1. What's the longest bit of the chain with no exposed GluC sites (Glu not before Pro), using DSSP loop states and at most 10 other Cβ atoms within 10 Å as the test?
2. Taking Rh as the Kirkwood radius computed over C-alpha pairs, what is the Stokes-Einstein D of the range 262-420 at 4 °C in a medium of viscosity 1.567 mPa s, expressed in µm² per second?
3. Where the only charges are on Cβ atoms (+1 Lys, Arg; -1 Asp, Glu), what is the dipole of the range 298-350 about its Cα centre, to the nearest 20 debye?
4. Where q = 0.18 Å⁻¹, what log10 of I(q)/I(0) comes from the Debye formula for the range 133-232, counting one point per Cα?
5. Among the listed pairs LYS226/LYS331; LYS233/LYS347; LYS331/LYS440; LYS313/LYS440; LYS347/LYS440, which are separated by more than 26 Å between their Cα atoms?
6. In the chain, what percent of the accessible surface is made up of carbon and sulfur (1.4 Å probe, ligands and nucleic acids excluded)?
7. Taking 0.36 nm per residue of separation and subtracting the Cα-Cα distance, what length does fully extending ILE252 through ASP193 add?
8. For the chain, with the dipole built from +1 on Lys and Arg beta-carbon atoms and -1 on Asp and Glu ones, taken about the Cα centre, which of GLY179, THR392, LEU18 lies farthest toward the positive end?
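The values are calculated or read from the model by the stated rules, or taken from the named source; none is laboratory data. Keep in mind that what you see is a predicted model, and the values were worked out from it rather than measured. Here the Cβ is made from the backbone with ideal geometry for all residues, glycine too, and neighbour counts use every protein chain on show. The area values use the complete protein model at the heavy-atom level, side chains included, leaving out ligands, DNA and RNA. Shrake-Rupley method; radii C 1.70, N 1.55, O 1.52, S 1.80 Å.
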Amino acid sequence: MKLASLFKKLSSFQIMILGFMSLILVGALLLMTPIASRGMHWTSFENSLFTATSAVCVTGLVVRDTATYWSTFGQAVILILIQIGGLGIITITAFFAAVSGRKITLFQRHLLQDSLSSHQIGGVVRLMGFIFRLVFIIEMAGALLMMPVFCMHFGWHGVWMAFFHSVSAFCNAGFDIMGSYSGRFSSLTAFADNYFIVIPICLLIISGGLGFLTWDDFVVHKFRFKRYRMQSKVILVTSLLLIVIPALLLFINDYASYPLHRRIALSLFQAVTPRTAGFNTADLTQLTLSGRTLFVFLMLIGGSPGSTAGGMKTTTIAVLFGNAVSVMRRKKNTQFFGRRIDDSTVKNAATLLVMYVFLMIAGALVISMIDDVPGSYSIFETASAVGTVGLTLGITPSLSLVSHLILIVLMFIGRVGGLTLLYAAMNKTGAEVSQYPVEKISVG
């Protein structure tokens with residue numbers, strides 16, 4: 001009873017943070033045990049904590065190769081952490097409570113609403129059930145599509161590989177168990193031009209990153225786009241642009257020397273994966289400077305609200321761009337699809353942008369000074385961490401303890417959300433009654 005009353009005193013944002021922290025700690029303790037490693041020895045708390053944080057925060061940065069270091073038990077623990085982290089611990093807890101026949105209280109519905117980024121409390125229990133059905137169908141379909149290729153290369157072990165990579169891709173985690181199949185930390189480079197792997201992985205990443213409310217709109221309204229929520233329309237248009245434009249840029253610039261079929265596959269995959277997925281089918285160290293800059297930009301944006309992905313979110317960049325357009329056109333409000341965006345939303349978007357850019361640059365500066373890493377490499381790494389992406393230029397395993405701790409903090413912030421942390425730290429309610437006098441200030 002005391003524990004229940006304590007939880008009721010906490011805000012939903014504080015409970016979400018505590019839930020993620022508890023899950024990370026449990027995962028780290030499990031990964032420390034000898035049964036979790038192939039060598040049957042104890043793993044240091046630093047490496048276990050880093051791996052558990054990366055899995056729960058669906059990032060994909062690793063200090064130990066997932067295939068060659070962790071045992072089947074360790075890989076299973078990582079996959080469970082990915083699945084729970086992708087769906088959200090509150091969603092998982094509420095689902096099992098509903099399955100066991102327990103009534104979902106109003107307080108739990110409020111938690112679900114914030115966890116799923118739903119705009120209204122009504123229908124959140126129905127939405128939760130829809131999410132679990134959707135996840136099962138998509139992840140199972142992805143695994144079945146990739147299974148023939150993996151079984152052809154790895155025998156019966158390909159079944160486990162298909163399921164592992166399907167869950168990892170849909171949850172935008174980026175963990176792979178390819179091992180040294182085509183080089184150390186090779187990710188999916190061995191299948192760079194295999195469309196039976198490239199297309200399913202891309203579709204899984206996009207599906208997980210769109211957000212469950214967007215999927216709800218699609219299932220209810222099918223292809224009647226005009227009936228979608230305004231948020232879903234913004235997400236779909238923004239996501240499409242953030243795939244097509246980067247794919248064209250990579251096709252023209254970074255992969256111009258490859259044969260056409262491989263050039264298309266590389267450009268498409270590398271355009272999809274930077275927004276929190278973490279897989280790669282090409283050597284990222286060979287990217288041009290413009291290519292790396294593009295990747296950093298995409299990694300910071302991330303997926304969409306209420307999805308398995310992290311980052312600033314597609315709606316954040318859309319609102320900021322829409323606000324810039326409204327200012328240039330001398331319009332009073334930001335507008336999308338005949339609807340006005342509230343000023344508080346624009347402020348939140350601007351705050352998120354400042355926060356994520358600051359965290360990325362500050363983290364990169366410290367890592368660069370401590371480990372003597374080139375600035376471009378450290379910025380790539382911190383952008384990958386705070387965007388919960390998992391792409392790396394290969395420096396993560398060699399970084400010091402302090403740098404690993406910085407990346408752990410960035411991954412955690414990127415997953416739970418910058419505003420969630422702010423609201424949890426400043427748990428104040430009530431409207432602002434008094435206002436200061438207005439005075440103008442020039443900008444630009």
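1. Working: sites that count: GLU432, GLU439.
Within the chain, the longest run free of exposed GluC sites (Glu not before Pro) spans 1-431.
2. Working: Rh = 16.4 Å.
Estimated via Stokes-Einstein, D reaches 79 µm²/s.
3. I would put it at about 300 debye.
4. Per q value, in the given order, log10 I(q)/I(0) is -0.82.
5. On the way: LYS226/LYS331 24 Å; LYS233/LYS347 21 Å; LYS331/LYS440 19 Å; LYS313/LYS440 31 Å; LYS347/LYS440 18 Å.
Pairs exceeding 26 Å: LYS313/LYS440.
6. On the chain, the fraction of accessible area on carbon and sulfur atoms equals 67 percent.
7. This chain segment gains 19.5 nm when fully extended.
8. Going by the charge dipole, the pick is LEU18.
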